[in-house]
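Just so it is clear, none of the values below were taken in a lab; they were calculated from the coordinates. Quick caveat, the model's predicted, so the values are computed rather than measured. Positions of Cβ are generated from backbone atoms using ideal geometry, with glycine treated the same way; all protein chains shown enter the neighbour counts.
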Amino acid sequence: MRRNYFKKLMNYIKNVYCIDRSLCKMKDSRINPTYRSGQVILTVLFGFLLRIKSFNELNCMLKENEFARLFPTGTKLPMIDAIRDTLKVTDLNCLGKMNRHIISKAIGNKAFDNGTIDGYTVAAVDGTKFFGSYLKQCGNCLSTVIKGKDYFYHSGVVMSVIGDAPKVVIDFEMYDPKMDSDNKDEGE
């Protein structure tokens, strides 16, 4: 693997998709935050790109300053509690706009011109759980009973490109607990 591969990837994302400008526009409902929303989302993006399996693993990497060279000198990075608190109140509409910008840029850059499978661009739609806990819940949580305990989770449906082209998420929609409860007799 090439040297500085991750840094080159981040420069590509920054220069081609202008992700830094999109992250600066991120909003949430926190009052007097210590960390900007974009800074928190960027930290989570690093974890996602590195395929970190949990927030606990991400927290260990943050404590060991493994992301220090990716930020300007002296930048204090958020710890996992600040990340969790920010993600709870982040405006998903901003993420949706950022995703639509990335999709339109990828189309403009002809990323899908040859198709993904036999010349056709193919996408899959699937439901997934994003977060879950036996202890913590919010007003937007769906709930079910697992092994006699209440389990609270957020869930949604995601459309993603499949095949040989870049694996791009086209769109996502969160399930609404008032409309999409688990007691409805239907599938995804």
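Would you mind working out the magnitude of the charge dipole of the range 1-126 relative to its Cα centre, with +1 at each Lys and Arg C-beta and -1 at each Asp and Glu C-beta, to the nearest 20 Debye?
Value, rounded to 20: 460 debye.
Working from the alpha-carbon coordinates of the chain, get Rg over Rh, Rh being the Kirkwood radius.
0.98
May I ask you to order 112-120, 147-155, 32-40 by the average number of other C-beta atoms within 10 Å around their residues, highest value first?
Highest to lowest by the protection proxy: 32-40, 147-155, 112-120.
Specify whether the C-alpha gyration tensor of the range 71-144 places it in the rounded, prolate or oblate class, a ≥ b ≥ c being the square roots of the eigenvalues: rounded for a/c under 1.5, otherwise prolate if a/b is larger than b/c and oblate if not.
oblate
What does the C-alpha gyration tensor say about the overall shape of the range 1-109? Classify as rounded when a/c is under 1.5, otherwise prolate if a/b is larger than b/c, or oblate.
Verdict is oblate for the range 1-109.
Find out how many positive minus negative residues lie around Arg30, taking Lys and Arg as positive, Asp and Glu as negative, among other residues whose Cβ is under 15 Å from that of Arg30.
Computed value for this residue: 0.
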